[in-house]
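The block underneath contains the structure these notes are about, expressed in structure tokens.
The values are calculated or read from the model by the stated rules, or taken from the named source; none is laboratory data. What you see is a predicted model; the values in this text were computed from it and never measured. Methodologically, a virtual Cβ is constructed for each residue, glycine included, from the backbone with ideal geometry; neighbour enumeration extends over all protein chains shown. The area values use the complete protein model at the heavy-atom level, side chains included, leaving out ligands, DNA and RNA. Shrake-Rupley method; radii C 1.70, N 1.55, O 1.52, S 1.80 Å.
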Amino acid sequence: MVKKAVIPAAGYGTRFLPATKSSPKEMIPIIDTPVIQYVVEEAVASGITDILMIIGKGKRAIEEHFDRSPLLEETLAQKNNTEMLAKIRAISDMANIHFVWQKEMNGLGDAILHAKHHVGNEPFVILLGDTLVQGEDGPVTKQLIDVYNKYKGSVVALEEVKPELVSRYGIVDGNAVSDKVIKAKNWIEKPSIEEAPSNLAVASRYLFTPEIFDYLEKTLPGKNNEIQLTDAMREMVKYHPMYGLKFNGKRYDIGDKMGFLKTNIEFGLNDPELRNELIDWLKEFVEDL
Ligand code: UTP
């Protein structure tokens, strides 16, 4: 049973400055809900009951968001705003949420290593706190857990990217074991089009067996002088089975300006309350360009 999730949320968010100067990028809203709340909801919908968030300096708003708010709840109750009261209460009741501090931003691999003590000797999932993933066949984290239950190895969500974009991503090299599952032989960080063994990119949701911590401990600082998760995965795959899951769906990187804009528009178009007015406005606005 996979019950624990780790959500790294300590990064600086330099691509989204100045908004991230004193506010966590994980608290950036998509319509009216911070991105990290959607991430927690995905974990909970996948059967996760224990969540460890890796946070750092300037990230206290994340803790506040998942804490109870007695004064706000009282005010909503007095105003008989029962719908919002239920919504606000649900946020702090979703799961057991714990926090650990990454004191120096030494990379995603280092952030994950901070979860070693809490995770212990069991498989766990990782969901990047600044990225939404929407699977057409249900939550992608749940799909990773299903693959783990079948194949008993680590599993990484894979997204098909345009061949000309492979050099931006970690790419899998492996063999198909079913139409959606690939047994990984290697993980290649940012290959050129010519070098790329596939156009399947690592997509911000992972399930690891606990051996990943042994490999992270041995990983030396790599690109940007940071401990890179991909470097640890590249060593681990030599000795432990690792799989990739091609999911049907979309990934939204909120820490990227264009990703943030597109996601808000798309979510707005999918919201029955906003959809029609937004379409009318968009049409008018685009016509005038
Ligand atoms: P990013 O690559 O998006 O880095 O991290 P970043 O620092 O957050 O943002 P930019 O690139 O400067 O704009 C991917 C994930 O890893 C976490 C981030 O919070 C994000 O969820 N991370 C990264 C950490 O938790 N600690 C780190 O030291 C680095």
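See the values below:
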{"quantity": "Those trypsin sites (Lys or Arg not before Pro) in segment 188-289 that DSSP places in a loop and that have at most 13 other beta carbons within 10 Å", "calculated": "Lys238"}
{"quantity": "Degrees between helix 140-151 axis and first principal axis of the chain (Cα, 0 to 90, nearest 10)", "calculated": "30 degrees"}
{"quantity": "With Cα atoms, 0 to 90° folded angle of helix 35-45 axis to the chain main axis", "calculated": "70 degrees"}
{"quantity": "Given charges at Cβ of Lys, Arg, Asp, Glu: the chain dipole, positive-most of Asn106, Gln37, Leu71", "calculated": "Asn106"}
{"quantity": "Neighbour cut-off at most 11 other Cβ (10 Å), DSSP loop, GluC sites (Glu not before Pro), segment 214-289", "calculated": "Glu273"}
{"quantity": "Sparse-neighbourhood loop sites, GluC sites (Glu not before Pro) in segment 50-136 - DSSP loop, at most 13 other Cβ within 10 angstrom", "calculated": "Glu104, Glu136"}
{"quantity": "Listed residues Asp280, Asp271, Asp130 arranged by accessible area, highest first, probe 1.4 Å", "calculated": "Asp280, Asp271, Asp130"}
{"quantity": "Volume of the Cα convex hull of the chain, divided per residue and given in Å³", "calculated": "159 Å³"}
{"quantity": "Segment 1-65-segment 245-289 distance, computed between alpha-carbon centres (Å)", "calculated": "21 Å"}
{"quantity": "Nearest-20 debye value, the chain charge dipole, Cβ charges on Lys, Arg, Asp, Glu", "calculated": "820 debye"}
{"quantity": "Prolate/oblate/rounded call for segment 161-230, Cα gyration tensor, a/c under 1.5 rounded", "calculated": "oblate"}
{"quantity": "Value at 222 nm in deg cm²/dmol, rounded to 500, when DSSP H runs of n ≥ 4 in the chain each add -39,500 (n - 2.57)", "calculated": "-10000 deg cm²/dmol"}
{"quantity": "Where only C-alpha atoms are counted, convex hull volume of segment 63-115 per residue in Å³", "calculated": "93 Å³"}
{"quantity": "0 to 90° range, to nearest 10: angle between helix 257-269 axis and the chain longest Cα axis", "calculated": "60 degrees"}
{"quantity": "Convex hull volume of segment 207-289 per residue (C-alpha atoms, cubic angstrom)", "calculated": "161 Å³"}
{"quantity": "Stretch gain in nm, segment Ala19-Met1, where the contour uses 0.36 nm per residue and the Cα spacing is subtracted", "calculated": "2.6 nm"}
{"quantity": "Cα-Cα pairs of segment 61-211 separated by more than 28 Å (percent)", "calculated": "37 percent"}
{"quantity": "The chain - percent of accessible surface contributed by carbon and sulfur, probe 1.4 Å", "calculated": "51 percent"}
{"quantity": "For segment 234-241, Karplus couplings with θ = phi - 60° (6.51, -1.76, 1.60), whole Hz, Gly/Pro x", "calculated": "5, 6, 4, 5, 6, 10, 10, x"}
{"quantity": "Simple spin-label estimate for Asp32 and Ser192 in nanometres, 7 Å along Cα-Cβ", "calculated": "5.2 nm"}
